[in-house]
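Visitor: Quick one: structure below, then a few questions.
Bear in mind that the values in this text are calculations on the coordinates, not laboratory data. Keep in mind the model is a prediction, meaning the values are calculated, not measured. Reconstructed Cβ throughout: ideal geometry from the backbone, glycine too, with neighbour counts over all protein chains shown.
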Amino acid sequence: MLRISKRLEMIAGGVPTGSRLADIGSDHALLPVYLAQKKQIVKAVAGEVNLGPFQAASRQVRDSVLDQVIDVRHGNGLEVVKVGEIDVITIAGMGGALIADILEAGKDKLAGVQLLILQPNVGESNVRSWLIQQDWILINEQILEEDGKIYEILSAVPSHLSQVSNVMLYRERQLADGVTVNRELLLKLGPYLLDHPQEVWFQKWESELEKLAMIVQRLALSALPESRMKELEYQQEIERIREVLACLQKDKPSFN
Ligand code: SAM
């Protein structure tokens, strides 16, 4: 059995048994090969836009003698799949903006797809925004740390397969001490991750706050008038996130 990272294992864990999978940006096709070896999928398309990874994926599938199960296809995003041939799509290991672009460009191919498992390396809010715009509903958010990096895995279904609505999911939260988490903040922090905060999620946001503080420091050095406005916006964002973290940190024992 192929050995894969904890991150890919967690993504694999969300793929229902018997699925027809498309793994877009498959690189070495590790995810579909692993799932096929476990007999968790009946068919897969491994899509790759770049020639090197496409060839690596083709080699991996050939060496694993899985050509009958996994079709490696060379192409951009969802152009490699046909409508109706896939139940589950995984897109992992790229930026959230790129994942949203791939889904937007290929949204015609999503008819009949029942589950999206998306793992943006950064910019998770882009993915959440796209899901809302296209009436897909997040059903799960996972977070993990591996080799010093923190990853979020977002799973979503089309609205007709969901018990909850996006209105419910992104409703404003009132935390203790009068702290409010509005929709904009929920898009960043993640509605499920916020409702069930884990230690690794706090670590992620402490580190994000440090990055934001550095941006503020750089903006403070700029003489441009628009930098003052941006500096203020970032400062307010830092304060809002800090308030939420402080509030949830205080409540932590009741969550764990
Ligand atoms: N999905 C694997 C994982 O999570 O370990 C590989 C991630 S790798 C960092 C990103 C892969 O996505 C690269 O192999 C890249 O060539 C591919 N990629 C980027 N944009 C793409 C697109 N528009 N369509 C298909 N593949 C794409």
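Visitor: With 10 angstrom as the radius, rank LEU212, LEU154 by how many other C-beta atoms surround their C-beta, starting from the fewest.
Guide: Ranked by crowding around the Cβ, least crowded first: LEU212, LEU154.
Visitor: Continuing with this model, one more query. Sorting TRP201, TRP136 on the 10 Å Cβ count, fewest up front, what's the list?
Guide: Final ranking by Cβ density, sparse to dense: TRP201, TRP136.
Visitor: Still on this structure: Give the calculated FRET efficiency between ARG59 and GLU199 to the nearest 0.05, with a Förster radius of 35 Å applied to their Cβ-Cβ distance.
Guide: The computed FRET efficiency comes out at 0.35.
Visitor: Separate question: Listing GLU199, GLU152 from the residue with the fewest other Cβ atoms within 10 Å to the one with the most, what is the order?
Guide: GLU199, GLU152
Visitor: Ratio of the stretch 23-87's C-alpha Rg to 2.2 N^0.38 Å, to two decimals?
Guide: That ratio works out to 0.99.
Visitor: Using R₀ = 41 Å, calculate the FRET efficiency as 1/(1 + (r/R₀)^6) where r is the Cβ-Cβ separation of MET1 and ALA111; round to 0.05.
Guide: Working from the Cβ atoms, E equals 0.75.
Visitor: How far, in nm, would the chain grow between ASN182 and ILE150 when pulled straight, counting 0.36 nm per residue and subtracting the alpha carbon separation?
Guide: Using 0.36 nm per residue and subtracting the Cα-Cα distance, I get 9.1 nm.
Visitor: Report, ordered by chain and residue number, the lysines lying within cross-link reach of LYS39, taken as a straight Cα distance under 22 Å and ignoring same-chain residues fewer than 8 apart.
Guide: Filter leaves LYS6.
Visitor: With no solvent and one equal point scatterer per Cα, compute the Debye intensity ratio I(q)/I(0) for the stretch 173-251 at 0.15, 0.20 Å⁻¹ and report its log10, rounded to two decimals.
Guide: Per q value, in the given order, log10 I(q)/I(0) is -0.56, -0.88.
Visitor: Same structure, new question: If the chain between LYS39 and GLN134 were fully stretched, how many nm would it gain, using 0.36 nm times the residue separation less the Cα-Cα distance?
Guide: Contour length minus Cα-Cα distance gives 31.0 nm.
Visitor: Taking the Cβ of ALA100 as the centre, find all other residues whose Cβ is under 12 Å away and add up their charges (Lys, Arg: +1; Asp, Glu: -1).
Guide: Net local charge, ALA100 excluded: -1.
Visitor: May I ask what percent, to the nearest 5, of DSSP beta bridges between residues of the chain are antiparallel?
Guide: Roughly 40 percent of the DSSP beta bridges within the chain come out antiparallel.
Visitor: Can you tell me the convex hull volume per residue for the stretch 6-169, based on C-alpha atoms, in Å³ to the nearest whole number?
Guide: Roughly 105 Å³ of hull volume per residue.
Visitor: Starting from 0.36 nm per residue, how many nanometres of slack lie between GLN163 and VAL216 once their C-alpha separation is accounted for?
Guide: Value of the extension gain: 15.0 nm.
Visitor: What 222 nm value per residue comes from the helices of the chain, counting each DSSP H run with n ≥ 4 as -39,500 (n - 2.57) and dividing by all residues, nearest 500 deg cm²/dmol?
Guide: Helices in the chain give a 222 nm mean residue ellipticity of -14500 deg cm²/dmol.
Visitor: Checking the cross-link filter: which lysines have an alpha carbon closer than 17 Å to that of LYS204, excluding same-chain neighbours under 8 positions apart?
Guide: LYS149, LYS188, LYS252
Visitor: Then there's this: Expressed as a whole percent, how much of the Cα-Cα distance distribution for the stretch 80-236 exceeds 24 Å?
Guide: Value for the stretch 80-236 (Cα pairs over 24 Å): 42 percent.
Visitor: Need the list of aspartates and glutamates near LYS82 for cross-linking: C-alpha distance under 16 angstrom, and skip anything on the same chain fewer than eight residues off.
Guide: Within the straight-line cut-off, LYS82 pairs with ASP23, GLU48, ASP71, GLU104, ASP108.
Visitor: Which of the DSSP-defined H helices in the chain satisfy a minimum axial length of 20 Å, computed from C-alpha atoms, and a minimum mean Kyte-Doolittle hydropathy of 1.0?
Guide: none
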